[in-house]
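Structure first, commentary second.
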């Protein structure tokens, strides 16, 4: 199937399902950078509990938290 | 369009695109609880930077962080 595409002028993200040996996953792929993550149903469920603070915190640490500055 | 469905024996999550006045969003919906979140392209992009620690932290605080215990 074709992926879902969510894009704006800065970002383009492709979203699709993947069947793995451990079950279904959602693949979220940054089409420009080529980075991707596979999310299981529980991880997706816990996304629905989050508010914008969670994403603000993620955005403050691009490419993941570092040990220190 | 039909949503993507990512499910296991405990969880069922529906994923679809939504066109809002602010642009495209990915809707992630917990089909059992009815909770959902709309994610913009940048929020989706920053998901691809995360590792399992981020999700472990989310799972430790179901339904979002509280002020204290």
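Residues of the range A:13-39 that are more than 7 Å from chain B (Cβ to nearest Cβ), surrounded by fewer than 19 Cβ atoms within 10 Å (Cβ to Cβ) and touching a residue at least 12 places away in the same chain (Cβ under 8 Å): A:14, A:16, A:18, A:20, A:22, A:27, A:31, A:32, A:38. Within the range B:55-69, if we keep just the residues that are surrounded by 12 or more Cβ atoms within 10 Å (Cβ to Cβ) and more than 7 Å from every other protein chain (Cβ to nearest Cβ), the residue that is modelled with the lowest pLDDT turns out to be B:65. Against the criterion of being touching a strand residue (DSSP E or B) at 6+ places or on another chain (Cβ under 9 Å) and at pLDDT 95 or above, residue A:47 does not qualify. The conditions of being loosely packed, with under 11 Cβ neighbours inside 10 Å, modelled with pLDDT under 95 and closer than 17 Å to residue A:48 by Cβ are met by residue B:10.
The values are calculated or read from the model by the stated rules, or taken from the named source; none is laboratory data. In this text the structure is predicted, and so the values were computed from the model without any measurement. So basically every Cβ, Gly included, is an ideal-geometry build from the backbone, and we count neighbours across all protein chains shown.
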